[in-house]
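The structure appears right after this line, and notes come after that.
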Amino acid sequence: MKDVSHALKPILRKAGKTIIDYGLIKDNDRIVVGVSGGKDSWTLLHALVELQKKAPVLFELCAVKVDYPHGRVENRIIEEACRDILPEFVLLETDIGEIIADNLNRNKSHCAFCARLRRGFLTTYATKNGFNKIALGHHREDFNETLLMNLFFSGTLSSMPVSYQIEGQPVEVIRPLAFCAEEEISVFVKQTDLPIIHSSCRFSDRGERTKMKELIEELTQCYPEIKGSLMAAQTNVLLSHLPILSK
């Protein structure tokens, strides 16, 4: 594995600040790190392993990969690369593909359904094996795109929480890369020899999210700071200036 410490520094600074500001990691936490084979989860895994070495608290990490949507060959490649970073690795065998096929609904997002299923399997594994947190690799652009999707299609002013307790479970989901820019993650990954393996899901329907990404990129041409502003707006909500309190 290449020495990527220099490329990781800006990500470590932002992830470390997010962890401190939001209290994401505490002493004796046992954390499942969701690994997908994509650039975001590789970056998250690297960052948490590095922070673990320097953190003033002790915490455990275990990388967990849900088998779907990759095949045996892709999962083996991901496993081998992952064990070079963190030996504690688990591949979860699931029936997610069959569940999606049996519950196809043209009016609902298959990607969102799949994401919920994968989080469900991660939660079950964490609960059964004494882990109290699940770390996911969502970054700033994921938050911004979700914000716009909810505004445009759901009529709600919401995106994603940096952390939340799973209802009815002793497990908390955390997103340490929440304030990391996707560009920073891409720069980091390009300097590694990590295998970036994209989803080959036959049910993929990421059209609307892709449109949100393209819209933000288009707006960035006129307003270079808009990505940061969108994220800042999510932490600087003036409830007194919204109609909800004017009734």
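Apolar share of the accessible surface for the range 1-142: 51 percent from carbon plus sulfur atoms, 1.4 Å probe. Shape class of the range 141-232 from the alpha-carbon gyration tensor: rounded, with the ratio a/c of largest to smallest axis under 1.5.
For 57, 4, 237, write out the residues from largest to smallest accessible area, computed with a 1.4 angstrom probe and no ligands counted.
Values: 57 40, 4 10, 237 80 Å².
If we order 57, 4, 237 from most to least accessible, we get 237, 57, 4.
If you run the Gaussian network model on the chain, springs between alpha carbon atoms under 10 Å, then out of 92, 48, 177 the most flexible one is 92.
Phi-derived couplings, Karplus 6.51 cos²θ - 1.76 cosθ + 1.60 at θ = phi - 60°, listed residue by residue for the range 12-21: 4, 4, 6, 5, x, 5, 5, 4, 6, 4 Hz, with x used for Gly and Pro.
Accessible area per residue for the chain in Å², computed with a 1.4 Å probe and the full protein assembly in place, what is it?
For the chain, the per-residue accessible area is 56 Å².
With every protein chain in place and a 1.4 angstrom probe, the accessible-area ranking of 227, 213, largest first, reads 213, 227. Note on the chain: with a GNM built from Cα contacts shorter than 10 Å, the maximum mean-square fluctuation among 236, 132, 75 falls on 236.
For residue 209, the accessible area of its heavy atoms, probed at 1.4 Å with every protein chain present, is near 50 square angstrom. Of the cross-linked pairs 14/39; 54/128; 14/227; 26/65; 9/53, those separated by over 19 Å at the C-alpha level are 54/128; 26/65. Dividing the helix sum by the residues of the chain, where each DSSP H run of 4 or more adds -39500 (n - 2.57), gives a mean residue ellipticity at 222 nm of -15000 deg cm²/dmol.
When the Gaussian network model of the chain links Cα atoms closer than 10 Å, the mean-square fluctuations of 136, 157, 45 top out at 157.
Taking a ≥ b ≥ c as the square roots of the Cα gyration tensor eigenvalues, with a/c under 1.5 meaning rounded and otherwise prolate when a/b beats b/c, else oblate, which class fits the range 101-181?
oblate
The values are calculated or read from the model by the stated rules, or taken from the named source; none is laboratory data. Given the structure is predicted, the values throughout are model-derived calculations rather than measurements. Each accessible area value is taken on the protein alone, full model and side chains, heavy atoms only, with ligands, DNA and RNA left out. Shrake-Rupley method; radii C 1.70, N 1.55, O 1.52, S 1.80 Å.
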